[in-house]
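Data block below; observations after.
Nothing in this text is a laboratory measurement; each read-out follows from the coordinates by a stated rule. Keep in mind it's a predicted model, so treat the numbers as computed, not measured. Please note: Cβ atoms are built from the backbone with ideal geometry, for glycine as well, and neighbour counts cover all protein chains shown.
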Amino acid sequence: MDIRKLLEKMTFEEKTFQLIQLNSMFFKQIGASDATGPMEDLQLDNEGIKYVGTTLNSMGAARMKEIQDEYMQNHPNKIPMIFMQDVVHGYRTIYPIPLGLACSFDMELIKDCSAMAAKEASVDGVQLTFAPMVDLVRDARWGRVMESTGEDPYLNCLASKAQVEGYQGDGGKYTLAACVKHFAAYGAAEAGRDYNTVDMSERTLREYYLPAYKAAVDAGVESVMTAFNTVDGIPAVGNKWLVDTVLRKEWKYDGVVISDYNAFRELIVHGAAEDEKQAACMAMNASVDIEMMSATYPKYLKELLAEGKVTMEQIDTAVLRVLRLKEKLGLFDNPYADSNEEEAAKFILCDEHRALAAKAAEQSAVLLKNNGVLPFKKTIKKIAVIGPLGDTGEIIGFWQCGGEAKDSVSIATGLKRKLGESKVFVEMGCDVALNAKCDVKRIKAAKKLAKKCDAVVLCLGEHEHDSGEGNSKLHLDLPEVQYKLLQEVLSVNKNTAVLLFTGRPLTVKRLHEQAPAILNMWFPGTEGGTAAANLLFGDVCPSGKLTMTFPQYVGQCPIYYNAYNTGRPRYNEKERVGYCSSYIDGGNRPLYPFGYGLSYVDFEYSEPTLSATKMQRGERIIASVKVKNKGFYEAQETVQLYIRDLYGSTVRPVKELKGFKKISLLPNEEKVVAFDIDEESLAFYGSDLKRKAESGKFAVFIGASSDCQPFAEFELL
Ligand code: BGC
Ligand code: BGC
């Protein structure tokens with residue numbers, strides 16, 4: 001296909017329609033009544049729809065084919081549409097939410113999960129996924145933290161790359177084009193309120209927020225989605241500096257840039273554009289190619305061109321990018337791409353995919369507390385599953401794509417499969433809703449059950465749709481009724497472990513003080529129950545490590561481990577002494593720090609040692625530590641390397657993750673774990689905004705979480 005020749009054949013109108021994306025309900029008259037409203041709203045008629053370049057949410061291979069067929073028949077140049085969808089953590093076989101999966105610290109696993117999602121989605125008619133979401137997050141009030149891989153730029157870069165590689169594979173059969181989002185810094189919404197203002201220094205943006213998008217670009221991501229928020233006063237979708245200067249010119253990205261849903265028109269609401277025409281002008285000049293769910297390009301590009309506010313070259317370049325992506329996806333040769341109903345029936349929810357989802361859920365779970373009740377003994381005769389999340393498939397999380405609760409293994413089902421039906425008893429006790437009332441009868445029934453059983457699995461947490469887009473929260477603790485249930489259960493049975501279900505860090509200080517054990521499952525996905533059963537009985541040792549700090553109090557948000565020291569840090573957590581950077585009604589420490597997560601064994605760490613105490617430019621230093629398994633189970637541990645640059649031309653964080661290794665140790669086994677430290681791992685944006693390592697002293701920490709203390713020092717000459 002000669003794309004340039006094709007472009008020459010297209011009318012101006014056709015070209016501008018290539019640059020818009022509409023929901024698939026606009027096609028084939030599905031939901032015609034729904035569609036009429038938005039169509040009128042967009043001032044589109046059936047004529048215009050004939051040329052729309054891309055669509056989202058096609059709902060299955062059969063429907064995708066129907067839509068594509070009708071569309072191609074009507075299209076003057078037979079240009080196929082691209083079908084896009086949010087395949088965020090699985091398509092039909094759902095694996096843990098990204099914030100959970102990242103806790104596995106296992107990039108191969110992340111890649112495998114993305115590849116599995118691509119396989120299921122591609123045969124069911126999807127060609128591009130709006131993923132990975134790589135927004136760095138520091139504020140648990142923001143509902144969309146569940147989509148992110150957390151607060152650390154180093155880890156986010158690796159996870160970003162792994163996801164892009166997983167989705168896109170070799171670009172051949174069973175792959176999807178990826179779309180990294182939301183460019184940029186959407187995760188820094190003020191006060192954790194979704195869509196709110198983002199404002200930060202260019203240094204902070206470049207140092208912490210931009211690297212994960214860049215990692216996706218470097219990994220060859222096929223598209224980029226702009227964010228809803230402002231960046232330095234200008235909404236991302238109309239921000240020429242952000243999109244044209246940084247993304248295109250600095251990073252040499254020449255692929256498709258798409259707006260987020262209706263974001264063109266939101267330029268007006270933000271107060272950045274007077275009307276749709278100016279919105280189209282801003283976005284075109286920022287070099288945004290596709291507008292999602294609006295039609296300002298078809299409406300206004302002609303006038304803007306006549307007025308000299310945009311050029312034909314800009315428009316043609318945008319259309320060419322869209323056409324090139326269609327060509328790359330092979331759509332000109334085969335407009336259905338991989339979609340195939342028979343294969344969809346074969347791959348979707350197949351045993352292999354379920355097994356991977358189970359493994360992912362096992363590796364994502366984080367043991368937050370254990371006084372010794374876990375793992376449960378297999379000799380248990382009666383086990384109670386209590387709590388609002390114990391006997392439901394609604395544990396797959398927001399952005400569940402095609403995932404359905406009926407396909408997922410509840411905790412009770414997982415336990416029944418492991419222990420046998422007759423040993424597992426269920427009682428909800430209360431509902432999961434934030435405002436759930438305390439029904440004394442239900443609590444009593446739960447208490448009665450707890451009393452007659454040998455062990456209790458108490459499934460607490462938030463509803464799967466209480467995190468995700470638009471779901472910011474003011475309060476991050478569990479509803480009172482869940483504490484009531486906990487107390488009643490504990491009053492009759494101390495052999496109780498809490499399974500926590502959440503899309504974000506919660507301020508569960510009270511739960512930590514009261515519960516004998518807490519295993520955070522996040523939203524574990526389709527095989528959550530299978531994974532939980534394996535973990536609770538020690539067939540798998542928990543090994544997840546938090547990738548986002550759990551605060552003690554909401555008032556601490558935003559809270560993150562790689563913070564600056566300030567000139568007056570709080571040295572004494574127990575007692576506030578003098579004028580220090582803290583609070584009068586509580587300390588600075590989190591409930592659980594970044595990198596934290598327990599196992600069923602203890603690991604003994606030696607102090608870190610260095611191969612040298614001076615480092616010449618261009619040289620490396622090797623930092624190592626011995627790690628020993630002191631317990632009775634084979635177990636995995638993620639050994640973490642942190643560095644602190646002790647002084648710089650701009651202040652440096654108290655710790656920064658610079659490496660990790662996930663190892664497996666048999667009981668009593670000891671391994672030496674070594675890390676290379678080179679100049680690159682010491683580089684940062686100094687006072688001149690250039691990224692380089694500055695001479696001086698560095699402290700090296702190696703341990704089991706960001707809280708690790710012993711360190712060794714070296715000097716970069
Ligand atoms: C979200 C995006 C998503 C898009 C399409 C928006 O509301 O912010 O993350 O990709 O919708 O579903
Ligand atoms: C305060 C200043 C004050 C100074 C001298 C400092 O601790 O921050 O506002 O002027 O002490 O009393």
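Using only the alpha carbon atoms of the stretch 518-633, find the Kirkwood hydrodynamic radius as the inverse mean reciprocal pair distance, in angstroms to one decimal.
18.3 Å is the Kirkwood radius here.
Mind ordering 547-558, 276-287, 629-640 by average Cβ neighbours within 10 Å, highest first? If you can, show how the numbers build up before the last one.
Working: 547-558: 21.4, 276-287: 23.2, 629-640: 19.4.
Result, highest mean first: 276-287, 547-558, 629-640.
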Along the stretch 368-376, what does the Karplus equation 6.51 cos²θ - 1.76 cosθ + 1.60 (θ = phi - 60°) give for ³J(HN,Hα), rounded to whole Hz, x for Gly and Pro?
8, 7, 7, 8, x, 5, 9, x, 5
Tell me which lysines have Cα within less than 22 Å of Lys277's Cα, excluding those fewer than 8 residues away on the same chain?
Lys15, Lys240, Lys299, Lys302, Lys309
Using alpha-carbon pairs under 8 Å, 6+ residues apart, how would you state the relative contact order of the stretch 427-564 in percent?
22
Take Glu669, Glu66, Glu342 and order them by how many other Cβ atoms sit within 10 Å, fewest up front.
Glu342, Glu669, Glu66
Give me the percent relative contact order of the stretch 1-136, please, defined on Cα pairs under 8 angstrom at least 6 residues apart.
24
Net charge around Leu301, counting only other residues with Cβ within less than 10 Å of its Cβ (Lys, Arg = +1; Asp, Glu = -1)?
+3
Helix-derived mean residue ellipticity, 222 nm - over the chain, DSSP H n ≥ 4, -39500 (n - 2.57), to 500
-8500 deg cm²/dmol
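Answer rounded, prolate or oblate for the stretch 69-120, using the Cα gyration tensor with square roots of eigenvalues a ≥ b ≥ c: rounded when a/c is under 1.5, else prolate when a/b is larger than b/c, else oblate. Provide the component values of the computation, followed by the final result.
Numbers: a/c = 4.09, a/b = 3.61, b/c = 1.13.
Since a/c reaches 1.5 and a/b is larger than b/c, the shape of the stretch 69-120 is classed as prolate.
Which order do the peptides 418-425, 502-509 take when ranked by the mean count of other beta-carbon atoms within 10 Å per residue, highest first? Write out the running numbers ahead of the final one.
On the way: 418-425: 15.2, 502-509: 25.0.
Descending mean neighbour count gives 502-509, 418-425.
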After finding the eigenvalues of the alpha carbon gyration tensor for the chain, what semi-axes result from the square roots of 5 times each, listed largest first in whole Å?
43, 33, 23
Ranking Met312, Met521 by Cβ neighbours within 10 Å, fewest first, what do you get?
Met312, Met521
Going residue by residue through the stretch 48-62, the Karplus relation 6.51 cos²θ - 1.76 cosθ + 1.60 with θ = phi - 60° gives ³J(HN,Hα) values, rounded to whole Hz and with x marking Gly or Pro, of x, 4, 4, 10, 3, x, 8, 9, 10, 6, 7, 6, x, 4, 5
Less than 14 Å apart at the alpha-carbon level, and either on another chain or at least 8 residues along: which aspartates and glutamates does that give for Lys378?
Asp454, Asp539
I want the local charge near Lys111. Using Cβ-Cβ distances under 12 Å, sum +1 for each Lys or Arg and -1 for each Asp or Glu among the other residues.
-3
Give me the lysines in straight-line cross-link reach of Lys448: C-alpha distance below 18 Å, same-chain residues under 8 apart excluded.
Lys381, Lys382, Lys423, Lys484, Lys494
Report ³J(HN,Hα) in whole Hz for each residue of the stretch 300-312, in order, from the Karplus equation J = 6.51 cos²θ - 1.76 cosθ + 1.60 where θ = phi - 60°; Gly and Pro get x.
10, 5, 4, 4, 4, 5, 4, 7, x, 8, 9, 10, 5
Please report the net charge: other residues with Cβ closer than 9 Å to the Cβ of Ile268, K and R +1, D and E -1.
-3
